[in-house]
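Below: the structure, in structure tokens.
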Amino acid sequence: MSDNVPVIDEGLTGARHILVLPDREAAEEVAEALPERFGIAQEPQLVRDALAGEDDAEDAQWLVVIEDPAGGLDPAALEAFADEYEGWLEAE
């Protein structure tokens, strides 16, 4: 991944979850569905993650960054949700 990917700070209470999606459309759909499906209040952040050596937007993964200050989101449920869009939950 590129250097601009958010990193989980273990010194903070709560967590940050990063879902990796294959394209922008999937990332936008996931970001739109997250509040209703998981009850999150804060809007997820979308981040383009260009693959090494690729300049074309078609060759990019998209990250959906979810702030979870209370630490209440279930990583397994997030993983299953991302899988519905051919994505995955980035391991911490």
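Of the listed peptides 77-86, 34-43, 14-23, what is their order by residue-averaged count of other C-beta atoms within 10 Å, with the highest listed first? Present the calculation step by step, with values, prior to reporting the outcome.
Values: 77-86: 15.4, 34-43: 12.6, 14-23: 19.3.
By packing density, highest mean first, the sequence is 14-23, 77-86, 34-43.
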At q = 0.12 Å⁻¹, what log₁₀ I(q)/I(0) does a Debye calculation on the Cα points of region 13-89 give, no solvent, two decimals?
-0.31
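Counting only other residues whose beta carbon sits under 15 Å from that of residue 42, what net charge do I get with K and R as +1, D and E as -1?
Numbers: positive: 16, 37; negative: 32, 36, 43, 67, 68.
Result for the neighbourhood of residue 42: -3.
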Between residue 77 and residue 48, what FRET efficiency follows from the Cβ-Cβ distance if R0 is 25 Å, with the result rounded to 0.05?
0.50
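Read-outs throughout are calculated quantities, based only on the coordinates presented, and are distinct from any laboratory measurement. Keep in mind the model is a prediction, meaning the values are calculated, not measured. Cβ sites come from the backbone with ideal geometry, for glycine too, and all protein chains shown count toward neighbours.
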